[in-house]
Amino acid sequence: KQSLLPGRNDIVQLKEAYKWITHPLFSEELGVPIDGKSLFEVSVVFAHPETVEDCHFLRVICPDCFKPAKNKQSVFTRMAVLKALNKIKEEDFRKQFPCPPSSPKAICTVLGIECAHGAVFVAGRYNKYSRNLPQTPWIIDGERKLESSVEELISDHLLKVFKAESFNFSSSGREDVDVRTLGNGRPFAIELVNPHRVHFTSQEIKELQQKINNSSNKIQVRDLQLVTREAIGHMKEGEEEKTKTYSALIWTNKAIQKKDIEFLNDIKDLKIDQKTPLRVLHRRPLAVRTRVIHSMDTDYVDEHHFRLHLKTQAGTYIKEFVHGDFGRTKPNIGSLMNVTADILELDV
């Protein structure tokens, strides 16, 4: 009766009342304090056939609120029911459903109890020293092309130690399979799903980092640490604003002298237009992106080779800036020097 008075704003939600009743009972029974916001969750599934169809009348009144979805077993999801309740008129609701509802005759049965831990996040930076190692598993038509990847070399160890069910790997940008990542390394983060062990001392994390580094000479990890979900967002922010530094070994078809490349050192903040490279067109939409080459610095090697050090806006396709990608990147090193240029090695 109390809750039906109009204009009341101190109504307690049913689920809150339920928590107030059950939490002390759990605490007493298990001898541990209860924390409603804990990452460790115990979910109990109940069945109650008598009331299972209580909300089905809503579908008659508001059919467009209940659309079948592929991965949902029932159309009566919490969101759909709330949507319908917000749409229908009070009097239509009362016509269909007694208010207050009649008391149930049977009690619920427990179908199952599941314990799960919320995801934990581990972040750090990786260096990649191999020119034959993809960032993520390279699988084409179900067939593996290379035996490992940066992702697997790092996460295999984490999965074991955290005893997690699965993981999701993300990083700030990516490099090609044949490109090395040097310097301070590339930031990465790994979400560990349903871990069974979550408490680690900083010493144990250091040892874990060492273990990853000792297991392969293709990669090295640094600054390994436990982070929050928000930290992943920070890593993804500002990807475009970053400046990246590259070193490229370049071949030219015409013989060159040192003086032929020196003019590149004077070019500053060169704007280039890059049509999505042919090699990534299968996974990126066709677009023209404007990028900035902040500065270039050259080292003459011999008549057909020189090394180019570049500072560029993040997201610049360096290989294409060198060879031009059949004119899809303008200007490019080939067009600036009036030669055919190609890239032999790239480090970021």
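Place a +1 charge on the Cβ of each Lys and Arg in the chain and a -1 charge on the Cβ of each Asp and Glu, then give the dipole magnitude about the Cα centre in debye, rounded to the nearest 20. List each step's numbers first, then the result.
Working: 51 positive and 47 negative charges, 150 e Å.
Charge dipole, the chain, about its Cα centre: 720 debye, nearest 20.
Once you have the Kirkwood Rh of segment 53-98 from its Cα pairs, apply Stokes-Einstein at 20 °C and 1.002 mPa s and quote D in µm²/s. Once the numbers are plugged in, D ends up at 197 µm²/s.
Springs join every pair of Cα atoms under 10 Å in this Gaussian network model of the chain, and among L270, L25, L208 the largest mean-square fluctuation is at L25. Once you reduce segment 73-111 and segment 177-232 to the center of their Cα atoms, the two points are 48 Å from each other. Mind checking which lysines have their C-alpha under 25 Å from K67, skipping anything on the same chain fewer than 8 residues away? By straight Cα distance, K67 reaches K83, K87, K89, K95. Ignoring aspartates and glutamates fewer than eight residues from K218 along the same chain, the ones with Cα atoms less than 19 angstrom from its Cα are E147, E151, E152, D156, E175, D176, D178, E207, E345, D347.
Per-residue SASA remark: H157, around 30 Å² accessible (1.4 Å probe; ligands, DNA and RNA not included). One chain, two ends: A314 and A47. Fully extended at 0.36 nm per residue, the span grows by 90.8 nm beyond their Cα-Cα distance.
Using only the Cα atoms of segment 166-226, what semi-axes does the equivalent ellipsoid have when each is the square root of 5 times a gyration tensor eigenvalue? Give whole Å, largest first.
Details: eigenvalues 100, 48, 22 Å².
Semi-axes (√(5λ), whole Å): 22, 16, 10.
Rounded to the nearest angstrom and listed largest first, the equivalent-ellipsoid semi-axes of segment 116-218 from its Cα gyration tensor are 23, 17, 12. Contact order, relative form, for segment 16-120: 45 percent (alpha carbon pairs under 8 Å, 6 or more residues apart, mean separation divided by residue count).
Among D64, D266, D302, the largest mean-square fluctuation in a Gaussian network model of the chain, built with springs joining Cα atoms closer than 10 Å, belongs to D64. What number does segment 250-290 give for Rg over Rh if you use C-alpha atoms and the Kirkwood radius? Rg/Rh for segment 250-290 comes to 1.15. Ordered from highest to lowest accessible area with the whole protein assembly present and a 1.4 Å probe, E241, E262, E152, E175 read as E241, E262, E152, E175. Using only Cα atoms and rounding to the nearest 10 degrees, what angle (0 to 90) does helix 14-30 make with the longest principal axis of the chain? For helix 14-30, the angle is close to 90 degrees.
Helix 202-215 and the longest principal axis of the Cα set of the chain meet at an angle near 50°.
Working note: Cα gyration tensor of segment 227-348, eigenvalues times five, square-rooted, sorted largest first, giving semi-axes of 28, 17, 12 Å. Model label points for R197 and N253, set 7 angstrom from Cα along the Cα-to-Cβ axis, are 5.9 nm apart. Going toward the positive end of the dipole of the chain, with +1 on Lys and Arg Cβ and -1 on Asp and Glu Cβ, which of C65, L224, A47 do you reach last? In the chain, that residue is C65. Surface exposure of the chain, expressed per residue as accessible area with a 1.4 Å probe, stands at 64 Å².
Expressed in nm to one decimal, what extension gain is obtained for the pair C55 and D269 from 0.36 nm per residue of sequence separation less their Cα-Cα distance? Please report the intermediate quantities before stating the final value.
On the way: separation 214, 0.36 × 214 = 77.04 nm, distance 6.29 nm.
In short, 70.7 nm is gained.
Only one of (1) 22, 33, 18, 9, 9, 6, 2, 0; (2) 30, 62, 8; (3) 21, 37, 28, 13, 2 was calculated from the structure for P(r) over Cα pairs in 20 Å bins from 0, in percent, and its label is (3). The sum of -39500 (n - 2.57) across all DSSP H runs of n ≥ 4, divided by the residue count of the chain, sets its helix-only mean residue ellipticity at 222 nm to -7000 deg cm²/dmol. When segment 161-245 is described by a simple charge dipole with +1 on each Lys and Arg Cβ and -1 on each Asp and Glu Cβ, the residue from H234, V193, Q210 located farthest towards its positive end is Q210. By the rule of a second cysteine Cβ within less than 4.7 angstrom, the chain holds isolated cysteines at C55, C99, C108, C115. Taking the accessible area of segment 21-154, probe 1.4 Å, and keeping the other protein chains in place, the carbon and sulfur fraction comes to 57%. Ranking L226, L58 from most to least accessible surface, computed with a 1.4 Å probe over the protein chains only, gives L226, L58.
The values are calculated or read from the model by the stated rules, or taken from the named source; none is laboratory data. Every value quoted in this text rests on a predicted model; they were computed, and no experiment measured them. FYI the Cβ positions are ideal-geometry reconstructions off the backbone, even for glycines, and counts take in every protein chain you see. These area figures cover heavy atoms from the full protein model, side chains too; ligands, DNA and RNA do not enter into them. Shrake-Rupley method; radii C 1.70, N 1.55, O 1.52, S 1.80 Å.
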